[in-house]
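Presented below is the structure to which this report refers.
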Amino acid sequence: MPRPPRLSSDEVATALTALPLWSGDAEGLRRSVELPSFADAVAAIVRIGFVAEALDHHPDVDLRWRTLHLTLVSHSAGGVSELDLELARRIDAALPA
């Protein structure tokens, strides 16, 4: 299945206006989220895992005690694609603000 192409800087900037919990540019999207406990953070990773598997698109996840640092990038596209935006939307629906 062909993967979506890399989005332009302007397309990413426009999309980020609808994703206020995320920052970034055409190179990648980033979000950090602090959970109440380490166990909650691990549970959030599991929820993200199911979302990512459903899209067949996977984030970089860095867990530091109870804080998750998420990075989205389509390596095959060399930057952010529509898949990253959709994954960001789905992660937002699965995690607390």
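Which net charge results when you count Lys and Arg as +1 and Asp and Glu as -1 among the other residues whose beta-carbon is under 15 Å from that of Asp40?
On the way: positive: Arg47, Arg64, Arg66; negative: Glu34.
For residues surrounding Asp40, the net value is +2.
Highest first, please rank the peptides 44-51, 84-91 by the mean number of other Cβ atoms sitting within 10 Å of their residues.
Ranked by mean Cβ neighbours within 10 Å, highest first: 84-91, 44-51.
Per residue of the chain, what 222 nm ellipticity follows from adding -39500 (n - 2.57) for every DSSP H run with n ≥ 4, rounded to the nearest 500?
-12500 deg cm²/dmol
Measure off 7 Å from each Cα along the Cα-to-Cβ vector at Trp65 and Ala39, then give the distance between these two points in nanometres to one decimal.
Modelled inter-label distance: 1.8 nm.
Looking at the chain as a GNM with Cα springs under 10 Å, which of Glu82, Glu53, Glu27 has the largest mean-square fluctuation?
Among Glu82, Glu53, Glu27, the largest GNM mean-square fluctuation belongs to Glu53.
Rounding to the nearest 20 debye, state how big the charge dipole of the chain is about its Cα centre with +1 on each Lys and Arg Cβ and -1 on each Asp and Glu Cβ.
Using only the charged Cβ atoms, the result is roughly 220 debye.
Can you compute the FRET efficiency between Ser32 and Leu55 using 1/(1 + (r/R0)^6), with r the Cβ-Cβ distance and R0 = 22 Å? Round to the nearest 0.05.
0.55
Every read-out reported here was derived from the displayed coordinates using simple, explicitly stated rules and does not represent laboratory data. A quick note: this is a predicted structure, and the numbers were derived from the prediction, not measured. Every residue, glycine among them, receives a Cβ derived from its backbone with ideal geometry; neighbour counts consider all protein chains shown.
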